[in-house]
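Structure first, commentary second.
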Amino acid sequence: MKFPKSFLLFVLCLLVNGLFAQSFTMEQVSSFSFPSELVTSSAGNKMAWAMNERGLRNVYVAQAPDFSPRKVTAFDKDDGQEISSLQFSQDGNWLLFVRGGEHGSNWDPNVGFNPAQSTSIPKVELWTVSFEGGNAKALADGDYPVISPDSKTITYIKGGQVWSISPQEGKASQLFEAKGNIHSIEWSPDGKKLLFVANRNTHSLIGIFSGASNPIQWVAPSFSRDVSPRWSIDGTKIAFVRLPGGKGQELPILEQRHNPWEIWVADAVSGTAYKRWKAPETLRGSVPTTNGGFNLHWAADNKIVYLSYEDGWPHLYAMNPVSGSSMQLTKGNYMVEHIRLSPEKKFLVFSVNTGPSKEDIDRRHIGMVSVNGGEMKLLTQGEGIEAIPSVLSDNKSVAYFSATAKRSLLPAMVGIETNKSKLIGENMIPSDFLTKSLVVPKQVTFKSPDGLTVHGQLFEKEGGPAKKAAVLFVHGGPQRQMLLGWSYMDYYSNTYAVNQYLAELGFVVLSVNFRLGIGYGYEFHKPARTYWQGAEEYLDVKAAGEYLAGLPQVDPERVGIYGGSYGGYLTALALGKDSGLFKVGVDIHGVHNLSSRLEMPEGYEKAPDFDEAVKTAWFSSPLAYLETWTSPVLFIHGDDDRNVQVSQTTDLIRRFEERKKPYEYLIIPGDSHHWMVFSNMVKVNQATADFLKKHLNP
């Protein structure tokens, strides 16, 4: 039997569309369960973590030998109240945590936060719960708590001062009063003294409180900024970092300069101190800005451990507190982050982006090394993402968070001797999550115009038309690295979900790791640039767009872009400078006016090349390209954003209106930079995808 060509074409279209049909919703892919705050106990081989399940945030625990997860709190509302500062009592019988606030923010992290529109703003509170569960209770308003070694007292910060409360009696009182904002409180090993930092704006002091009848003791007070104090194991000494005080020279300095720091050691009784180590006076020797910063620890065998970028990568070093040179503990073209000491303080565990595969630079695995040196050991390998480790109390196993390209994060553990891993709580993955429908992103590299190699992850569903629409995703930070799997950061697990959904719709999606990001060495993270110059990273974004448009399966006339925060800034810059390449974009809580670059301090006008510096700064701003911005745009912002002021978007929209330029918008009242309410997150994700779909027709 013969069939007309039109009928055969119709059948072919049905087959193609059937094979390429959408198989999951945005709500489903956004419903990934996200664990955080992983901690282990000092005894009993116990672990605990916070879990966000569709906006319901609770504390879970597990214990040897079976490590079956149990939920020990019963918060049942999607109210955006995060859980932070999770920690075990010394005996492991109960847990302490903070509920409320927005601790991923740049300002006001411990101010009440109300994204669910309650008629009263929730407070930031200290809570306790038994390891057995069932009796979680709020103790007091406050933040950043620390449990005393005997577990009888909790100290915490309230109003910039130190307070204390008994977890049994529940009576709170201010412990002492000192000028400045107090932070970084830490109990001495014997529980008799409290170490703290008093920030006094131009400088900061390290103090020791030893009881209400004793005066506060200041440790080697100076005009510097002293931070990150750490007790020695026996409590007789204190290590800390000393930074320059004040604002320093405000005359024209148009080139990058070394940001100095030193490690000092003090006697805990007399308060006298000496400089033990000074960072190399090089750009690489500047203050480290990766996870944990200095990562200063006082370890066993009388070792002070710290992190430095001095060899071009963020690595661990150890030194004797009195004399001798530092010993580099980790070496190679990889970064070390999420660093923790073992309970006995003899070795360190951490996340690393290295392994036997070339793709491992875009992953994370768990590594360990002795504080006395020796070869770094990889505890995990393969195609997964493993991060944020914590050693169990027997010093034989390490807990961590595990993900793959298709499975979001779950707790896991690995044996130090066996390297055998165990996944914990697979039943916590929503039944409708449809992991089998997700794509595995591919590592791609391409060159920026100045020759820099740039990494990205390409998401693409098999099949579909010969020419597809495409979307470039630009991350924020910018000190971030997107991975070949679900991210260990909640914000980027969410954008990974959006990228998966866009691929499911039929888009070819490229996530670009532009310069200023982490994971590829110092010169990538801190590229050479003049002080007022910026947006070299846009070279990488444009190169990514051109790479994407040049793929044989991509229609170059249907390429869009989206990003959030710093990625929102780069999205706006792309739409303004290169509307011909980027046909549409979604700018999510982006930085736009770059006022810090344009409002120069007094004296800069005397600088040589001042006019050129101002010109360069201006042309790094999206505001310089409003007249050439022709691509449709959707602006999204939460109006309690504490990372990027909502005024950044308000001002840009005003400029659009003055020029009668079209735009669309979505404002989320009361929510923040991190979409703390699940329904808000889904709304933002769906709006992003719908806008791109409407204009690019995948």
Inset, instruction - Could you check, for the range 522-534, whether at least one of its residues is under 26 Å from residue 23 (Cα atoms), touching a residue at least 60 places away in the same chain (Cβ under 8 Å) and either in contact with a strand residue (DSSP E or B) (Cβ under 8 Å, 6 or more places away or on another chain) or among the acidic types (Asp, Glu) (or both)? - result: no
Legend entry - Output for the range 95-146, where each listed residue is hydroxyl-bearing (Ser, Thr, Tyr), more than 21 Å from the chain's Cα centre (by Cα) and surrounded by 19 or more Cβ atoms within 10 Å (Cβ to Cβ): 128
Inset, instruction - Would you mind telling me which numbered condition in (1) in contact with a strand residue (DSSP E or B) (Cβ under 6 Å, 6 or more places away or on another chain); (2) of a type in the set (Gly, Ala, Ser); (3) surrounded by fewer than 21 Cβ atoms within 10 Å (Cβ to Cβ) residue 560 fails? - result: (3)
Legend entry - Residues of the range 362-378 satisfying the condition of being aliphatic (A, V, I, L, M), open to solvent by less than 10 Å² (accessible area, probe 1.4 Å) and under 20 Å from residue 483 (Cβ atoms): 366
Inset, instruction - For residue 288, indicate whether it is touching a residue at least 24 places away in the same chain (Cβ under 8 Å) and assigned to a strand (DSSP E or B). - result: no
Legend entry - Per-region count, the range 159-209, residues polar (S, T, N, Q), over 17 Å from residue 96 (Cβ atoms) and under 32 Å from the mean Cα position of the chain (by Cα): 8
Inset, instruction - Report yes if some residue within the range 321-335 is within 23 Å of residue 388 (Cβ to Cβ), surrounded by fewer than 21 Cβ atoms within 10 Å (Cβ to Cβ) and of a type in the set (Ser, Thr, Tyr); otherwise report no. - result: no
Legend entry - Residue pairs meeting the criteria (Cβ under 8 Å; at least 6 apart or on separate chains; first in contact (Cβ under 8 Å) with a residue 12 or more places away in the chain and under 7 Å from residue 161 (Cα atoms), in the range 177-189; second outside any loop (DSSP other than H, G, I, E, B) and open to solvent by 50 Å² or more (accessible area, probe 1.4 Å)): 181/199; 182/199
Inset, instruction - Would you check if residue 647 is touching an Asp or Glu at 6+ places or on another chain (Cβ under 9 Å) and either open to solvent by 30 Å² or more (accessible area, probe 1.4 Å) or in contact (Cβ under 8 Å) with a residue 60 or more places away in the chain (or both)? - result: no
Inset, instruction - Being at pLDDT 95 or above and under 15 Å from residue 221 (Cα atoms) is the filter here, so list the residues in the range 231-253 that pass it. - result: 238, 239, 240, 241, 242, 243, 244, 245
Inset, instruction - Could you list all residues from the range 91-119 that are closer than 20 Å to residue 159 by Cα and among the hydroxyl-bearing types (Ser, Thr, Tyr)? - result: 105
Inset, instruction - Determine whether the range 157-174 contains at least one residue that is under 18 Å from residue 235 (Cα atoms) and surrounded by fewer than 20 Cβ atoms within 10 Å (Cβ to Cβ). - result: no
Inset, instruction - From (1) in contact with an Asp or Glu (Cβ under 9 Å, 6 or more places away or on another chain); (2) surrounded by fewer than 22 Cβ atoms within 10 Å (Cβ to Cβ); (3) among the charged types (D, E, K, R), pick out the condition that doesn't hold for residue 406. - result: (1)
Inset, instruction - Identify the residue in the range 623-640 that is free of Cβ contacts under 8 Å to residues at least 60 places away in the same chain and in a loop (DSSP other than H, G, I, E, B) and, among all such residues, is most open to solvent (accessible area, probe 1.4 Å). - result: 627
Inset, instruction - Scan (1) crowded, with 19+ Cβ neighbours inside 10 Å; (2) in a loop (DSSP other than H, G, I, E, B) for the single condition residue 417 breaks and write down its number. - result: (1)
Legend entry - Residues located in the range 176-185, provided they are in a strand (DSSP E or B) and either in contact with a helix residue (DSSP H, G or I) (Cβ under 9 Å, 6 or more places away or on another chain) or open to solvent by 50 Å² or more (accessible area, probe 1.4 Å) (or both): 181, 183, 184
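Report those strands (runs of 3 or more DSSP E) wholly inside the range 440-553 carrying at least 1 residues which are buried (at least 18 other Cβ atoms within 10 Å of the Cβ) and not hydrophobic (A, V, I, L, M, F, W, C).
Where strands (runs of 3 or more DSSP E) fall fully within the range 440-553 and carry at least 1 residues being buried (at least 18 other Cβ atoms within 10 Å of the Cβ) and not hydrophobic (A, V, I, L, M, F, W, C), they are 453-459, 468-474, 508-513.
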Inset, instruction - Identify all residues within the range 291-321 that are assigned to a loop (DSSP other than H, G, I, E, B) and more than 24 Å from residue 231 (Cβ to Cβ); write none if there are none. - result: 309, 310, 311, 312, 313, 314
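For every residue, the table says whether it meets (1) among the aromatic types (Phe, Trp, Tyr); (2) at pLDDT 95 or above; (3) in contact with a helix residue (DSSP H, G or I) (Cβ under 7 Å, 6 or more places away or on another chain).
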residue	(1), (2), (3)
41	no, yes, no
45	no, yes, no
63	no, yes, no
70	no, yes, no
77	no, yes, no
84	no, yes, no
97	yes, yes, no
109	no, no, no
Inset, instruction - Quick one: which strands (runs of 3 or more DSSP E) lie wholly within the range 31-77 and hold at least 1 residues that are at positive phi? - result: 34-40
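Name the residue that is surrounded by the fewest Cβ atoms within 10 Å (Cβ to Cβ), counting only residues in the range 196-246 that are polar (S, T, N, Q) and part of a strand (DSSP E or B).
That would be 217.
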Inset, instruction - Identify the residue in the range 423-432 that is within 24 Å of the chain's Cα centre (by Cα) and part of a loop (DSSP other than H, G, I, E, B) and, among all such residues, is farthest from residue 389 (Cα to Cα). - result: 429
Inset, instruction - Return the pairs, sorted by first residue and then second, in which the second residue is open to solvent by less than 30 Å² (accessible area, probe 1.4 Å) and hydrophobic (A, V, I, L, M, F, W, C), the first residue lies in the range 351-366 and is without any contact (Cβ under 8 Å) to a residue 60 or more places away in the chain, the beta carbons are less than 6 Å apart, and the residues are 6+ apart or on different chains. - result: 352/336; 365/352; 366/379
Legend entry - residue 271 vs. criteria out of contact with any helix residue (DSSP H, G or I) (no Cβ under 8 Å at 6 or more places or on another chain), open to solvent by less than 30 Å² (accessible area, probe 1.4 Å), under 23 Å from residue 295 (Cα atoms) and assigned to a loop (DSSP other than H, G, I, E, B): yes
Inset, instruction - Could you figure out which of (1) under 30 Å from residue 406 (Cβ atoms); (2) open to solvent by 40 Å² or more (accessible area, probe 1.4 Å); (3) over 26 Å from the mean Cα position of the chain (by Cα); (4) in contact (Cβ under 8 Å) with a residue 24 or more places away in the chain isn't true of residue 65? - result: (4)
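When you scan the range 470-496, how many residues do you find that are farther than 12 Å from residue 441 by Cα and hydrophobic (A, V, I, L, M, F, W, C)? Give the derivation first.
Residues of the range 470-496 farther than 12 Å from residue 441 by Cα: 470-481, 487-495.
Okay, now just the ones that are also hydrophobic (A, V, I, L, M, F, W, C), so 470-474, 489.
Looking only at that region, the number is 6.
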Legend entry - Within the range 376-429, tally of residues that are farther than 15 Å from residue 67 by Cα and hydrophobic (A, V, I, L, M, F, W, C): 11
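The values are calculated or read from the model by the stated rules, or taken from the named source; none is laboratory data. The structure displayed is predicted, hence computed values, not measured ones. Cβ coordinates were reconstructed from backbone atoms using ideal geometry, including for glycine residues, and neighbour counts include every protein chain displayed. We work out accessible area using only protein heavy atoms, side chains counted, and drop any ligands, DNA or RNA first. Shrake-Rupley method; radii C 1.70, N 1.55, O 1.52, S 1.80 Å.
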